[in-house]
1. Cβ-Cβ under 7 Å, sequence separation 6+ or interchain: first residue in the range 6-18 and under 11 Å from His132 (Cβ atoms), partner among the aliphatic types (A, V, I, L, M) and at pLDDT 90 or above. Which pairs?
2. Which residues, taken from the range 156-180, are farther than 19 Å from Ile118 by Cβ and either open to solvent by less than 40 Å² (accessible area, probe 1.4 Å) or in contact with a strand residue (DSSP E or B) (Cβ under 7 Å, 6 or more places away or on another chain) (or both)?
3. Give just the number: which of (1) open to solvent by 60 Å² or more (accessible area, probe 1.4 Å); (2) within 18 Å of the chain's Cα centre (by Cα); (3) within 22 Å of Phe30 (Cα to Cα) does Phe104 not satisfy?
4. For the range 41-55, name all the residues that are in contact (Cβ under 8 Å) with a residue 40 or more places away in the chain, open to solvent by 10 Å² or more (accessible area, probe 1.4 Å) and in a helix (DSSP H, G or I).
5. Tell me yes or no: at least one residue of the range 74-94 is surrounded by 17 or more Cβ atoms within 10 Å (Cβ to Cβ), charged (D, E, K, R) and in contact (Cβ under 8 Å) with a residue 60 or more places away in the chain.
6. Can you name the residue in the range 181-191 that is farther than 21 Å from Thr143 by Cβ and either within 14 Å of the chain's Cα centre (by Cα) or touching a residue at least 40 places away in the same chain (Cβ under 8 Å) (or both) and is also surrounded by the most Cβ atoms within 10 Å (Cβ to Cβ) among such residues?
7. Being at pLDDT below 95 and either touching a strand residue (DSSP E or B) at 6+ places or on another chain (Cβ under 9 Å) or open to solvent by less than 20 Å² (accessible area, probe 1.4 Å) (or both): is that true of Arg7 here?
8. Taking the range 124-166 only, how many residues are assigned to a helix (DSSP H, G or I), basic (Lys, Arg) and more than 16 Å from the chain's Cα centre (by Cα)?
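The values are calculated or read from the model by the stated rules, or taken from the named source; none is laboratory data. Remember, it's a predicted structure, so these values are computed and weren't measured experimentally. Quick reminder, even Gly has a Cβ in these numbers, built from the backbone with ideal geometry, and neighbours come from all protein chains shown. Side chains are part of the model used for accessible areas, which takes the heavy atoms of the whole protein and leaves out ligands, DNA and RNA. Shrake-Rupley method; radii C 1.70, N 1.55, O 1.52, S 1.80 Å.
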Amino acid sequence: MLPAPTRAELKRRFPRLMFGLFLFGLGLAFMVVADLGLAPWEVLHQGVSRRTGIPIGTVGIITGLLVLVAWFPIGERFGVGTLANVIFIGIVIDVSLWLMPDEFSNLAVRWALMIGGIVLVAIGSGYYIGVHLGPGPRDGLMTGLSRQTGRPIGLVRAVIELSVLAGGWLLGGTVGAGTVAFAFGIGPLVQIFLHRLSLEIAD
């Protein structure tokens, strides 16, 4: 596990962590109701959800826990932010989907939800990554495998995300314009917001 921050540092950083995870989960929920295509991992979660009847956010929690188990042989270290990421994002998705309409007939509204969802995910990432309380489980898997195999992190990420995307699509997850927009837009957007939202960490 990563070294624990001091109590004062945790009080300063934890609210930003949780706010970021809330925005992240809300953004993914927006993309679900937009029904124009999801991020690769969410395609997998939705596919499993449709096959099993388990809510998509709960599937995400279960998947995150399984991915954390895979961290142990690759020597990745987790923090309080990692555990919060696994649990809280899924809860936000399920509660948000319970509160929102199941679908929107207006295509312009759906596009707005899809684009807004991607932006919210990017802002949420800027907040939660920027407090340095531990990577998300899927990010940790990517960096750990890159370190263990010696392969470039971009290649490892591409292999993982294409694999879960294909599996999710075969299970019935939604692939579409939102998937493409997320793939090409999320990296630059996270970079922009991370630069602006990262918290200066005391030594």
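1. Arg13/Val131; Arg13/Leu133; Arg16/Val131; Leu17/Ala84; Leu17/Val131; Leu17/Leu133
2. Val156, Ile160, Gly167, Gly172
3. Going through the list (1) open to solvent by 60 Å² or more (accessible area, probe 1.4 Å); (2) within 18 Å of the chain's Cα centre (by Cα); (3) within 22 Å of Phe30 (Cα to Cα), Phe104 breaks only (2).
4. We begin by selecting, within the range 41-55, every residue in contact (Cβ under 8 Å) with a residue 40 or more places away in the chain; these are 41-48, 50-51, 55.
Imposing the further condition that a residue be open to solvent by 10 Å² or more (accessible area, probe 1.4 Å) reduces the set to 41-42, 44, 46, 48, 50-51, 55.
If the condition is that a residue be in contact (Cβ under 8 Å) with a residue 40 or more places away in the chain, open to solvent by 10 Å² or more (accessible area, probe 1.4 Å) and in a helix (DSSP H, G or I), then Trp41, Glu42, Leu44, Gln46, Val48, Arg50, Arg51 are the ones that fit.
5. Yes, the range 74-94 contains a residue that is surrounded by 17 or more Cβ atoms within 10 Å (Cβ to Cβ), charged (D, E, K, R) and in contact (Cβ under 8 Å) with a residue 60 or more places away in the chain.
6. So the first thing to find is which residues in the range 181-191 are farther than 21 Å from Thr143 by Cβ, and the list is 181, 184-185.
Then drop every residue that is not either within 14 Å of the chain's Cα centre (by Cα) or touching a residue at least 40 places away in the same chain (Cβ under 8 Å) (or both), which leaves 181, 185.
Values: Ala181: 19, Gly185: 16.
Among those that are farther than 21 Å from Thr143 by Cβ and either within 14 Å of the chain's Cα centre (by Cα) or touching a residue at least 40 places away in the same chain (Cβ under 8 Å) (or both), it is Ala181.
7. Details: at pLDDT below 95: yes; either touching a strand residue (DSSP E or B) at 6+ places or on another chain (Cβ under 9 Å) or open to solvent by less than 20 Å² (accessible area, probe 1.4 Å) (or both): no.
Criteria not met by Arg7.
8. Residues of the range 124-166 that are assigned to a helix (DSSP H, G or I), as a first pass: 124-129, 137-149, 153-166.
Subsequent filtering for residues that are basic (Lys, Arg) retains 138, 147, 157.
Those left that are additionally more than 16 Å from the chain's Cα centre (by Cα): 147.
Residues in the range 124-166 being assigned to a helix (DSSP H, G or I), basic (Lys, Arg) and more than 16 Å from the chain's Cα centre (by Cα): 1 in total.
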